[in-house]
Amino acid sequence: MPLKFNKTSLRKNTLRYLALFFGLFIIGNGIVFTIHANLGVNPWDVLHIGIANQTGASIGRVIQVVGLLLVAVSYFFKVRIYIGTILNMIFLGLFVDLVIGWGYVPQPEILWQQIILYVSGVVIFGFGVAVYISANLGAGPRDSLMLALTKASPFRIGTIRTLMEITAAAAGFFLGGPLGVGTVIFALTIGFFMELGFAMISKIKTTASYELIWNGSKKQARGL
């Protein structure tokens, strides 16, 4: 989308980019929470960790490389690539490596602690996705691939996404990725927690504080 340089538009565009980076950082935390819970991770992270195990690369670097490949395939199928897609490709992996490197996410060995950490990770992941999408700067690499495959096949978008998740999980499992009960939990609950995240953001948008930051006034909030 074209950027305007008046004061109001500059503020709103700045807030969009802040939301995008904040969302990606939250997602990165959610990913590390689920990894450290050691109960299985989401299907794409099964693949990422499997590749990392085989190559010795960091998980974040693998996320970046896989994202680049997905963007390249999407571009080949003439799916429009947005700035948010590129930033997702670069910074999600970077944030994952930073969170792992900073070492503040625990690695519990007691089952109930692992469950709490895992569920917290899924909740955080879902909220982060909602924040990222609210920036309205473009879909991530996996969503772009989903659109590309939908264009190139007779299948519906839901079927394509399911096949993508199954393929990623299966490939990651054969590469040594941590497929487990957490993978199933993630698949069954992430939609709910994303919806919860969107509901929280919608609530925030109704506040006077949000309206003051977004529009510089206390008029009724219009959202991102």
Inset, instruction - Give a residue-ordered list of calculated ³J(HN,Hα) values for the range 189-198 (Karplus: 6.51 cos²θ - 1.76 cosθ + 1.60, θ = phi - 60°; whole Hz; x for Gly, Pro). - result: 10, 4, x, 4, 6, 5, 4, 4, x, 4
Legend entry - Estimated [θ] at 222 nm from DSSP helical runs (n ≥ 4, -39500 (n - 2.57)) normalised by residues in the chain, nearest 500: -25500 deg cm²/dmol
Legend entry - Crossing angle, helix 7-37 versus the chain [Cα axis fit, 0-90 degrees, rounded to tens]: 20 degrees
Inset, instruction - With springs only between Cα atoms under 10 Å apart, run a GNM on the chain and tell me which of 27, 35, 213 wobbles the most. - result: 213
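For a protection proxy built on the mean count of beta-carbon atoms within 10 angstrom, sort 107-114, 169-176 highest first, please.
With the highest mean Cβ count within 10 Å placed first, the list reads 169-176, 107-114.
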Inset, instruction - Relative to the longest principal axis of the C-alpha atoms of the chain, give the angle of the C-alpha long axis of helix 141-152, reported between 0 and 90° and rounded to the nearest 10°. - result: 80 degrees
Legend entry - Contact order relative to length of the range 23-215, as percent, for alpha carbon pairs under 8 angstrom and 6 or more apart: 40 percent
Inset, instruction - Please report, in whole Å, how far the alpha carbons of the range 59-155 spread along each principal axis, starting with the longest. - result: 47, 28, 23
Inset, instruction - Over all alpha-carbon pairs in the range 35-79, figure out the percentage whose distance exceeds 17 Å. - result: 40 percent
Inset, instruction - Return the sequence-ordered ³J(HN,Hα) values of the range 116-132 in whole Hz as given by the Karplus equation 6.51 cos²θ - 1.76 cosθ + 1.60 applied to θ = phi - 60°, using x for Gly and Pro. - result: 4, 5, 5, 4, 4, x, 5, 4, 4, 4, x, 5, x, 4, 4, 5, 4
Inset, instruction - Can you pull the one-decimal nm distance between simple spin-label points at residue 171 and residue 147, each 7 Å off the Cα toward Cβ? - result: 2.1 nm
Inset, instruction - Working from Cα positions, state the angle (0 to 90°, nearest 10) between the long axis of helix 59-76 and the longest principal axis of the chain. - result: 70 degrees
Legend entry - Using distinct alpha-carbon pairs, which all enter the 1/r mean, Kirkwood radius of the range 23-215 in Å: 17.2 Å
Legend entry - For the range 79-85, Karplus couplings with θ = phi - 60° (6.51, -1.76, 1.60), whole Hz, Gly/Pro x: 7, 5, 9, 9, 4, x, 5
Legend entry - Cα-based Lys pair tally, the chain, threshold under 12 Å, eight or more apart or on separate chains: 4
Inset, instruction - Label the range 63-106 by shape, choosing from rounded, prolate and oblate, from the square roots a ≥ b ≥ c of the eigenvalues of the Cα gyration tensor; if a/c is under 1.5 it is rounded, and otherwise prolate applies when a/b is larger than b/c, oblate when it is not. - result: prolate
Legend entry - Approximate shape of the range 133-224 as ellipsoid semi-axes (Cα gyration tensor, √5λ), whole Å, largest first: 36, 18, 11
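Readers should treat all values here as calculations from the given coordinates under stated rules, not as data from a laboratory. As the structure is a prediction and not an experimental result, all values here were calculated from the model. Methodologically, a virtual Cβ is constructed for each residue, glycine included, from the backbone with ideal geometry; neighbour enumeration extends over all protein chains shown.
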